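Notes follow once the structure below has been shown.
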Amino acid sequence: MPRLSLASWQDETTASPWEITMLSSPNALLWRSLLAVAVGVVAVTWPGITIGAFVILFAVYAFIGAAMDSARAFSSDRVGPVFGWLLLALLSVIAGVVALAWPAITALALTIWIGSWALATGAMEIVLVFQRGEKPGERALFVLTGLASVALAFALFARPDIGAVSLATVFGLFSIFYGTAGIVASFRERRVARTSAVRSRRTPEPTSPLPHHHLV
């Protein structure tokens with residue numbers, strides 16, 4: 001039976017099972033989801049929101065998403081997801097910058113622009129899910145958020161003349177749903193990472209057999 005030293009016991013009891021940083025994938029997803037819920041609540045509860053105010057709100061949401069997607073990109077250990085998350089972040093940055101820089105943007109143009117952004121990012125998220133190798137439960141949650149973005153896009157394309165207040169309400173409800181699903185997915189991802197780290201820490205390393213000495 002292997003003996004456990006005091007140093008190794010302290011390492012297992014005091015150290016975190018996996019490195020918890022702001023840039024880790026579960027934490028980046030959690031922060032983005034919490035901020036998405038906050039933006040969604042503001043968009044839904046803002047009485048008589050104007051198109052200019054909603055442009056700023058959408059840009060904030062897009063820039064937050066871009067920052068957190070970049071963090072998730074650098075927390076991945078595979079090349080494919082890294083470029084995928086960076087591309088997703090770039091799409092969100094472009095969407096936010098164009099919305100802010102568009103002079104006197106109308107509600108119709110903004111609706112079509114947000115719909116295009118939602119369709120592109122939702123499709124990209126669904127593709128990235130199958131490149132990361134999550135378990136079926138986690139994969140279903142990530143696919144659900146991607147499908148929510150695609151559904152938002154088709155809803156906006158079907159009614160591009162809904163107006164600023166209705167656009168803010170629809171986008172706010174989507175943001176709340178997206179954020180809630182992301183919070184659940186982040187905790188599941190955190191639990192899986194912690195479990196795998198503990199298992200790898202407790203697995204004993206294979207020992208090489210002792211060499212046999214032959215007497216001549």
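Observations, loosely collected:
- For the range 89-176, the C-alpha radius of gyration divided by 2.2 N^0.38 Å, with N the number of residues, is 1.17.
- Intensity falloff of the range 136-187 expressed as log10 I(q)/I(0), Debye formula with alpha-carbon point scatterers, at q = 0.15, 0.18, 0.19, 0.26 Å⁻¹: -0.45, -0.60, -0.65, -0.95
- Order of exposure, largest accessible area first, which applies to Leu30, Leu108 with probe 1.4 Å: Leu108, Leu30
- Heavy-atom accessible area for Tyr178, with the other protein chains in place and a 1.4 Å probe, reaches approximately 20 Å².
The values are calculated or read from the model by the stated rules, or taken from the named source; none is laboratory data. Because the structure is predicted, anything quoted here is derived from the model rather than measured. Accessible surface areas use protein heavy atoms only, side chains included; no ligands, DNA or RNA. Shrake-Rupley method; radii C 1.70, N 1.55, O 1.52, S 1.80 Å.
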